[in-house]
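Each remark here refers to the structure printed beneath this line.
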Amino acid sequence: MFSPEVYRARRAVLSASFSEGLLLFVGNGESPMNYADNCYPFRQDSTFLYYFGLDQPDLAALVDVDRGQTTLFGREPTIDDVVWMGDLPSLAHRAEAAGVEDTRPPAALEDLLHEARRKGRPVHFLPPYRAETRLLLGRLLGLSPDEVTQQASEGLIQAVVAQRSIKAPEEVEEIERAVALSVKMHEAAIRMARPGLREAEVAAEVQRLAWAAGGRTAFPVIATIHGETLHNHYHGNVLSEGDLFLLDAGAETSRGYAGDLTTTFPVAPRFTERQKLIYEVVLAAYRMAVATLAPGVPNREVHFAACRAIFEGMKDLGIMKGDTEEALAAGAHALVMPHGIGHMLGLDVHDMENLGENYVGYAGEPRSTQFGLKSLRLARPLQPGFVVTVEPGVYFIPQLIDLWQAEGRHLEYINYPELTKWRDFGGVRNEEDYLITPEGARRLGPPKPQTVAEIEALRGA
Ligand code: GLY
Ligand code: MN
Ligand code: MN
């Protein structure tokens, strides 16, 4: 945890956005995998972590804006808890660590909210993403599960997004710690890959490093020789000499902050000339995107800077053709780059995505429905304090190529006979994490092997 003052100050900033009412925060509970006592690893709700820092299940909190008071609700540990789980801090002790002055048992929350509703006081809460939380909120507020989602407070969502979007120095430090560990995970994977190894063995080593450092992985590891499948979580393939390996993995620190990096490297000691061609296009796109990062620049422009470089690169290879700006507007490039340039990063790997991607990345701006551009999670102007990923890629997805070719889509921009030659190439992505500064942007963490030479140097002889 950070110091109690950090949490007190964060809540004070939030409360200042409201003139009256109650702000209700529900922490996560344990989540059973296959029976009640066999749970997924506990993960606290990120907004609860942000305002309270308490990483234990079954807590809730209420900020009374009118009275300027915060109350923490939870159960005192019983002797049974201690027998099974060891010494646990009292509720008062947890409250003190979070800078909260008042504690009550869980039942008191229901009474307080009942009283507030009777008096017509506004109760602001965030949209739940877990069924258990939706049911709990429904019970606490006398709402059906559907009503809970509909009545989540837009004002609270917007205030939390505004605050969490700007990372404080202590948060940037945590993210850099996560990125530094993520770099070690990627270097280990680059070093160990060789023909005959299974993808699962690389995935296991990457996860081992995250756990051994006292954290965990921030999202399910993507460790695959089929990088063209964007969120590929299958780890059953055996690596072969001619394969490209794509690793998308990031550590999460014990305080809950994420890193998110992608590296693509050959299973052989060296890239083939053909692999280099695509790799260099991706790297050029990555550099164009990074050069565009600055306060005030809409991230949509960063996205298009990368897409422009990719389209130009594809033109140089004879895969695409025609007027670049027209092709970009039509979305032809999305055949090989069907996702967005990046997203915010923080306590969640896709930061605050549970609060609504459009609140986080669009702030009221319209969102495109065009294939490719619709997957851009962050489009609005960048601000100092934003932490974002930059992650362009080039992917040859056989089913997508077949579909577009069958439909005759974008014939003026795509040279299908030439594209067919790359059908089984796979996918390449490079992803790194940036802080937007008043002057521009700064890459977070130590450098990750990025160029062909840097990667090959780690691959050994
Ligand atoms: N790791 C998922 C992503 O890069 O967005
Ligand atoms: Mn990412
Ligand atoms: Mn990633």
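The numbers here are math on the coordinates, done by the rules we state, and not lab data. A quick note: this is a predicted structure, and the numbers were derived from the prediction, not measured. Don't worry about glycine lacking a Cβ; one is built from the backbone with ideal geometry, like all the others, and counts go over all protein chains shown.
Which order results if ARG75, ARG118, ARG94 are arranged by neighbouring Cβ count within 10 Å, fewest first?
In increasing order of surrounding Cβ atoms, one gets ARG118, ARG75, ARG94.
From the helices alone, meaning DSSP H stretches of at least four residues, give me the mean residue ellipticity at 222 nm for the chain, per-run term -39500 (n - 2.57), in deg cm²/dmol to the nearest 500.
Here the helix-only value at 222 nm equals -12000 deg cm²/dmol.
Rank these for me by crowding, ARG409, ARG198, going from fewest to most other beta carbons within 10 Å.
Listing ARG409, ARG198 from fewest to most nearby Cβ atoms yields ARG198, ARG409.
Which ordering of TRP422, TRP211 is given by a fewest-first count of other beta-carbon atoms within 10 Å?
TRP211, TRP422
With an 8 Å cut-off on Cα pairs and a minimum separation of 6 or more residues, tell me the relative contact order of region 327-461 in percent.
Once divided by the residue count of region 327-461, the mean separation gives 26 percent.
To the nearest 0.05, how large is the calculated FRET efficiency for ASP37 and GLU325 if R₀ is 56 Å and r is the Cβ-Cβ distance? Before the final figure, lay out the partial values.
Numbers: r = 59 Å, r/R0 = 1.05.
E(calc), rounded to 0.05, equals 0.40.
In units of 2.2 N^0.38 Å, what is the alpha-carbon radius of gyration of region 1-139?
Rounded to two decimals, the normalised Rg is 1.06.
Show me the three semi-axes of the equivalent ellipsoid for region 282-389, from the C-alpha gyration tensor (sqrt of 5 times each eigenvalue), largest first, rounded to whole Å.
Working through the eigenvalues yields semi-axes of 25, 15, 12 Å.
Using the beta-carbon distance between HIS93 and GLN399 and R0 = 45 Å, what value does 1/(1 + (r/R0)^6) give for FRET efficiency, to the nearest 0.05?
0.20
Wrap a convex hull around the Cα atoms of region 182-307, take a quarter of its surface area, and give that in square nanometres.
Value for region 182-307: 8.5 nm².
To make sure I understand the rule: partners must be aspartates and glutamates, Cα under 14 Å from the Cα of LYS321, and not fewer than 8 residues away in the same chain. Which ones qualify?
GLU312, GLU412, GLU418
Relative contact order for the chain: what percent, with Cα pairs under 8 Å and sequence separation of 6 or more?
So the answer I get is 14 percent.
For the cross-link pairs LYS167/LYS374; LYS184/LYS374; LYS184/LYS276; LYS167/LYS448, which exceed 29 Å when the distance is taken from alpha carbon to alpha carbon?
Violating the 29 Å Cα-Cα cut-off are LYS184/LYS374.
How large are Rg and Dmax for region 343-461 when only the alpha carbon atoms are used, in Å?
Every Cα atom of region 343-461 included, Rg and Dmax give 18.3, 53 Å.
What number does region 221-268 give for Rg over Rh if you use C-alpha atoms and the Kirkwood radius?
Details: Rg = 12.3 Å, Rh = 11.6 Å.
Reported Rg/Rh (Cα atoms, Kirkwood Rh): 1.06.
Averaging the inverse of every distinct alpha carbon separation and then flipping it gives the Kirkwood radius. What is it for the chain, in angstrom units?
Values: mean 1/r = 0.0420 Å⁻¹.
Radius from the Kirkwood sum: 23.8 Å.
Quick check on the chain: of the DSSP beta bridges with both residues there, what percent are antiparallel, nearest 5%?
Roughly 85 percent of the DSSP beta bridges within the chain come out antiparallel.
Quick one: plug the Kirkwood hydrodynamic radius of region 87-227 (C-alpha pairs) into Stokes-Einstein at 4 °C, 1.567 mPa s, and report D in µm²/s.
Values: Rh = 19.7 Å.
The calculation lands on 66 µm²/s.
Placing +1 at every Lys and Arg Cβ and -1 at every Asp and Glu Cβ, with all other atoms neutral, what dipole size does region 227-286 have around its Cα centre, in debye to the nearest 20?
120 debye
Give, rounded to the nearest 20 debye, the magnitude of the charge dipole that region 320-379 has about its Cα centre when Lys and Arg contribute +1 at Cβ and Asp and Glu contribute -1 at Cβ. Working shown, then result.
Numbers: 4 positive and 8 negative charges, 30 e Å.
Result for region 320-379 is approximately 140 debye, rounded to the nearest 20.
Taking 25 Å as R0, compute the FRET efficiency from the Cβ-Cβ separation of ASP81 and ALA107 and round it to 0.05.
So, using R0 = 25 Å, E works out to roughly 0.90.
Starting from the amide H of HIS124, placed 1.01 Å from N in the peptide plane, find each other amide H under 5 Å away whose residue is 5 or more places distant or on another chain.
Here the answer is LEU22, LEU23, LEU24, since their amide H atoms fall under 5 Å of that of HIS124.
Taking amide H positions as placed in the peptide plane 1.01 Å from N, state which residues far from ARG216 in sequence (5 or more) or on other chains have amide H under 5 Å from it.
GLU252
Could you state the orientation-averaged shadow area of the convex hull built on the Cα atoms of region 390-457, in nm² to one decimal?
Numbers: hull surface 29.7 nm².
Result: a mean projected hull area of 7.4 nm².
Starting from 0.36 nm per residue, how many nanometres of slack lie between ARG194 and SER254 once their C-alpha separation is accounted for?
Full-extension gain reported as 18.4 nm.
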